[in-house]
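S.K.: Following this message is one structure expressed as structure tokens.
The values are calculated or read from the model by the stated rules, or taken from the named source; none is laboratory data. Predicted model only: the values in this text are computed from it and were never measured. Quick reminder, even Gly has a Cβ in these numbers, built from the backbone with ideal geometry, and neighbours come from all protein chains shown. Only protein heavy atoms, including side chains, enter the accessible area calculation; ligands, DNA and RNA are left aside. Shrake-Rupley method; radii C 1.70, N 1.55, O 1.52, S 1.80 Å.
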Amino acid sequence: MVLEAVMIVVDNSESSRNGDYTPTRYDAQSDAVNIIFQNVVQGNPESSVGLMSMGGKGPEVLATLTTDQGKILEGLHQTKKKIRGNAHLSTGIQIASLALKHRQNKSQRARIVVFVCSPIEEGERELVVLAKKMKKFSISVDFVLFGDIDEENQAKLEAFNREIKGNTDSSHLVVIPPSSKLLSDQLLSTPILLGEGAASGAAGVGGDAGGASEDFPFGVDPTQDPELALALRMSMEEEKARQEKRAREEAEAANKSNLEAVKEEGESAPLLDKDGQPSGSKKDDDKGGKSDDADRMDTS
């Protein structure tokens, strides 16, 4: 999978106390954050994930980019005690972009995943300007809109998504209405976890978390069995990695055999024999053994 650095922004505003998502909006986010972390790190061991909140008095970085899930869990636990105030969406995205800008591995693709479950105070024009800035910095931004799914909130995020997306599918807006399913389970069937190739069949701009993909490469509808779809995708990536490793080992073995067969100028035999030993060593040992036997016979 793609090598990436992902900053996850959770909404810990007063609205996250609502219990319309099981068990609460904040706890539903926490479960989804863990799913995203596992998907990113298991997809590529060199990828990393960071965490921050955008509610209360202002955005706060809870965990810098890491591969340690314990730091993410600790940040979520601390933030549960700080549920208050309103969400600061624009400032939160800007701080997340700064954290990504200072990532150690510059080859990682930068991505921000923002959970929004409260009214958005920023205006549409302000968000469009911010989207242009993120696009300039080559930072993808995914939104998970749930909870306060009104027309105004959705319209603002759609405008942001249109501006940053352009002609690519690198950024997504996923709208997840309340249902009997867990937020994290519904997120499994979205392009945020399934990747860009599943964008046409999973949740997209202005859509819900459903939508089957007829062209899904594994023949499994991710909306019907998201866990199986994700497991199949991970299995395919692991098999691909094993095949690449096997090809490298075979190439190295071929290069080694070619090296053993190389003869130096003026030499009648290769430098190394088939056992990897100097080609004349065995004969010399045999001659030496016979000479020693002769000496012992003469002495006797």
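S.K.: Each label point is 7 Å from the Cα along the Cα-to-Cβ direction; what then is the distance between the points at T168 and R109, in nm?
M.R.: Using points 7 Å along Cα→Cβ, the separation is 0.8 nm.
S.K.: Moving on. With every protein chain present, what accessible area does K82 have (1.4 Å probe, heavy atoms only), rounded to the nearest 10 Å²?
M.R.: Number for this one is 70 Å².
S.K.: So if R0 is 25 Å, what FRET efficiency would K240 and H77 give, r being the distance between their Cβ atoms, rounded to the nearest 0.05?
M.R.: With a Förster radius of 25 Å, E is 0.10.
S.K.: Would you grab the residues whose amide H sits under 5 Å from the one on F143? Only those 5+ places off in sequence or on another chain, please, with H modelled 1.01 Å from N.
M.R.: V114, H172, L173, V174
S.K.: With a 10 Å radius around each residue's Cβ, average the other Cβ atoms per peptide and rank 181-190, 240-249, 62-71, highest first. Before the final figure, lay out each step's value.
M.R.: Working: 181-190: 22.3, 240-249: 10.3, 62-71: 16.5.
Packing proxy ranking, top to bottom: 181-190, 62-71, 240-249.
S.K.: Please work out the ratio of the alpha-carbon Rg of the range 10-141 to 2.2 N^0.38 Å and round it to two decimals. Walk me through the numbers before you get to the answer.
M.R.: On the way: Rg = 14.5 Å, N = 132, 2.2 N^0.38 = 14.1 Å.
Taking N as the residue count of the range 10-141, the ratio is 1.03.
S.K.: Treat each spin label as a single point 7 Å out from the Cα along the C-beta direction, and report the Q94 to K136 distance in nm.
M.R.: According to this spin-label approximation, the distance is 1.3 nm.
S.K.: May I have the count of lysine pairs in the range 1-116 with C-alpha atoms under 15 Å apart, counting pairs 8 or more residues apart or located on different chains?
M.R.: 4
S.K.: Modelling each spin label as a point 7 Å along the Cα-to-Cβ direction, I'd like the A251/N86 distance in nm, to one decimal.
M.R.: 5.7 nm
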